[in-house]
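Q: Sharing a structure with you now.
The values are calculated or read from the model by the stated rules, or taken from the named source; none is laboratory data. What you see is a predicted model, and the numbers here were worked out from it, not measured in a lab. Reconstructed Cβ throughout: ideal geometry from the backbone, glycine too, with neighbour counts over all protein chains shown. Heads up: the accessible areas ignore ligands, DNA and RNA and are worked out on the full protein's heavy atoms, side chains in. Shrake-Rupley method; radii C 1.70, N 1.55, O 1.52, S 1.80 Å.
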Amino acid sequence: MIYIGNHLPSSKGFYAMGKMALKLNADTFAFFTRNPRGGAAKAIDPEDAEKLLKLMEEHHFGKLVAHAPYTMNVCAAKEDIKEFSRNMLCDDLERMEYLPGNYYNFHPGSHVGQGAEAAIPMIADAINLALRPEHSTTVLLETMAGKGSEVGRSFEELRGILDLVRLQEKVGVCLDTCHVWDGGYDIVNHLDEVLDEFDRIVGLDRLKAIHLNDSMNVCGAHKDRHQKIGQGEIGTEAMERIVRHPLLQGKPFILETPNDDEGYAQEIAVIRSWMK
Ligand code: FE
Ligand code: FE
Ligand code: ZN
C-alpha cells in the first residue's frame, strides 16, 4: 500500500488540514510552509501542531510532505535572493520541528545562467547551513522538469547535490511524475528502467516520496504543466502501474493536480481502488 493525499491550504492551521485530509479520505498531505509566492511565515501554534500529530497517529497517517515556497532559490545569481532563500530554508527547518519526523521538499533551484556545475555546491551549502544533527526532518530534493535553468532535472544532478551534503541520513528525493516525464524519463513505456536508472545513480533508498501528477505535455517537453490523473500524456494505465509498483510501496504519494476538493476526493478514491 501507499499513502495518498494532496496539497492542502495551510491558512487555517495544521489540525484543520488533518481534518480536511480525513474528509478527502487521504492519509497524508502536503502543505506550503508559508505563502508559496513568498513572504513571511506566520507564527506556529504548538497546540495546533500537537492536535494534528495526535490525529495523524489515530488515523495511521504516513509522513507529511511539506513544500517550500516557489520563491526559494538557494542557487540564485543575485546575492540578496540567495541570502533570503537560505534564511527561509533555515527558518522552515526550525518550524518543521513542531511536526517532528516528517518530510520537507524543495525545488533545488534555478541556476539562472551560472550553470548547474556552479549551482550544485550552492544548493548543498544551503542544506549544510540549515540542517542540523538535532533535526528530525528529512529534506527532499524534488526532481524537476528542466524548465528554464532548473537544476535537478537529471538524476545525476540530484546525486551531485546529495553527495555534498554532510548529514547524509537526513536527505532524500521526492520524485514528481510530471516532472520526470517532462524531463525526458519515459515512465509510461519504461517505468522499470527509469527506476533502475534512479537506483543506479541516486539509490532507491533515497526515494522518500512521490508527487503524483499527470502531464499536459509529451515526454521531454521540459514544460511542467500538471494535469489530472489519467487526463494527460502519462495516462491512467501508467499512473496505475506507478501506484502499484512494488518498489514504491509504503511511500506518501501527493497529488498536485488541477482539482477542487471534490476532484481530489475522486482522484483519491480511484487511486485507492488501484491499491486493492
Ligand atoms: Fe514542487
Ligand atoms: Fe511537484
Ligand atoms: Zn510541477
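Q: Given 0.36 nm per residue, what is the gain on full extension from residue 91 to residue 43 after removing their alpha carbon distance, in nm?
A: 16.1 nm
Q: What FRET efficiency would be calculated for the residue pair residue 261, residue 98, taking the C-beta separation as r and a Förster radius of 25 Å, to the nearest 0.05?
A: Between residue 261 and residue 98 the formula returns 0.50.
Q: In the structure displayed, which of 19/251; 54/78; 78/251 lie more than 31 Å apart, Cα to Cα?
A: The answer is 54/78; 78/251.
Q: Going highest first, how would you order 251-257, 197-203 by mean Cβ packing within 10 Å?
A: 251-257, 197-203
Q: Would you mind getting the accessible area per residue of the stretch 3-274, heavy atoms of the protein chains only, 1.4 Å probe, in Å²?
A: Counting only protein heavy atoms, the per-residue value for the stretch 3-274 is 42 Å².
Q: Which of the peptides 150-156, 75-81, 205-211 is most tightly packed, and how do the rest follow, going by the mean number of other Cβ atoms within 10 Å of each residue?
A: Most protected by this proxy first, the peptides run 150-156, 205-211, 75-81.
Q: Using just the Cα positions, wrap the stretch 135-276 in a convex hull and report its mean projected area in square nanometres, one decimal place.
A: 8.7
Q: Same structure, new question: One-quarter of the Cα convex hull surface for the stretch 17-127, in nm²?
A: 7.4
Q: I've got another one for you. Give me P(r) over the stretch 96-180, computed from all C-alpha to C-alpha distances, binned every 10 Å, as integer percentages.
A: 19, 52, 26, 4
Q: Under 13 Å from a point placed 7 Å out from the Cα of residue 273 along the Cα-to-Cβ direction: which residues of the stretch 15-36 have their backbone N that close?
A: In the stretch 15-36, the label zone of residue 273 (backbone N under 13 Å from the point 7 Å along Cα→Cβ) covers no residue.
Q: Restricting to the chain, what percent of DSSP beta bridges are antiparallel, rounded to 5?
A: Percentage antiparallel, nearest 5: 10.
Q: Tell me, what is a quarter of the convex hull surface for the C-alpha atoms of the stretch 3-274, in nm² with one decimal?
A: Mean projected area for the stretch 3-274: 12.8 nm², to one decimal.
Q: Sticking with this structure for a sec: Sorted from largest down, give the three principal axis spans of the alpha carbons of the stretch 180-232, whole angstrom values.
A: Between the extreme Cα coordinates on each principal axis of the stretch 180-232 lie 29, 19, 17 Å.
Q: Can I ask one more? Under a Cβ-Cβ cut-off of 14 Å, what is the net charge of the residues other than residue 247 that fall near it, where Lys and Arg count +1 and Asp and Glu count -1?
A: Here the charged neighbours net out to 0.
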